[in-house]
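S.K.: Sharing a structure here in structure tokens format.
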Amino acid sequence: MNGDPKVIGVLQQAASMEARLNVQYHLDKRDLRYRGLKKLADKYCGFGEDAESYLKEITDRIFFLGADPAYGAANAATRATLTDILQKALDAETAIVDAYNGYAVLALEAKDDNTRNKFEHWIKWHEDDHIDWLERQLAQIALMGETEYVKVQLGLN
């Protein structure tokens, strides 16, 4: 099947974003684990697995549309503080949702409802699970401070 080149282009962009997010979540997971924050590390592991799953779906869709998935992942970076780790993840998730909203519209205009439905599905998961959880963690840090938040996560409080 030959897909619309614009739809294929945004799917390739989406693949790059998910690949980068996957790599970053797995690096952050290791960082959190070394900080002794196993519970948070496990949550990040799940988020990384979600990004990997979306990446597989996106890649499959690109192949189905008869194109080369050709994507790359930007470099991952370590963060100085727990707040930085959470905030950067929130920023990345929000950017993906913003992009996917536009991609869904483009797929609709190209009359590719299957791709549009996939973007809408991925938006739901990014927004409802990842963004909501990250916002709640950052709100807790804002209320109690990072030091107290870490104590709670370590079970010291």
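S.K.: Could you derive backbone 3J(HN,Hα) for the range 36-52 from the dihedral phi with the Karplus parameters 6.51, -1.76 and 1.60 (θ = phi - 60°), listing whole Hz in sequence and x where the residue is Gly or Pro?
M.R.: x, 9, 4, 4, 5, 4, 5, 5, 5, 4, x, 5, x, 5, 4, 4, 5
S.K.: If I build a Gaussian network model for the chain, linking alpha-carbon pairs within less than 10 angstrom, which residue out of VAL97, VAL105, VAL23 has the largest mean-square fluctuation?
M.R.: The residue with the greatest mean-square fluctuation here is VAL105.
S.K.: From the Cα trace of the chain, what convex hull volume per residue do you get, rounded to a whole Å³?
M.R.: Normalising the Cα hull of the chain by residue number yields 90 Å³.
S.K.: Between beta-carbons, use under 15 Å as the cut-off and find the net charge around THR147, counting Lys and Arg +1, Asp and Glu -1.
M.R.: Cβ neighbours under 15 Å give a net charge of -1.
S.K.: Taking the Cβ of ASP60 as the centre, find all other residues whose Cβ is under 15 Å away and add up their charges (Lys, Arg: +1; Asp, Glu: -1).
M.R.: Overall, the nearby charge balance is -2.
S.K.: Quick one: what are the phi-derived ³J(HN,Hα) couplings along the range 88-105, Karplus 6.51/-1.76/1.60 with θ = phi - 60°, whole Hz, x for glycine and proline?
M.R.: Residue by residue, the range 88-105 yields 5, 5, 4, 4, 5, 5, 5, 5, 5, 4, 4, 5, 5, 4, x, 5, 5, 5 Hz.
S.K.: Just need the relative contact order of the chain here, percent rounded to a whole number, with Cα pairs under 8 Å and 6+ apart.
M.R.: Working: 164 pairs, mean separation 43.2, N = 157.
Relative CO of the chain lands at 28 percent.
S.K.: Looking at the range 56-140, which trypsin sites (Lys or Arg not before Pro) are DSSP coil and have at most 13 other C-beta atoms within 10 Å of their C-beta?
M.R.: Of the trypsin sites (Lys or Arg not before Pro), the ones in loops of the range 56-140 whose Cβ has at most 13 other Cβ atoms within 10 Å are LYS111.
S.K.: Moving on. So which lysines pass the test for LYS6, namely a Cα distance under 22 Å, with those fewer than 8 places away in the same chain ruled out?
M.R.: Counting by Cα, and skipping residues close in sequence, LYS6 has these lysines nearby: LYS56, LYS111, LYS118.
Read-outs throughout are calculated quantities, based only on the coordinates presented, and are distinct from any laboratory measurement. Given the structure is predicted, the values throughout are model-derived calculations rather than measurements. A quick note on method: Cβ atoms are made from the backbone with ideal geometry, for glycine too, and the neighbour counts reach across all protein chains shown.
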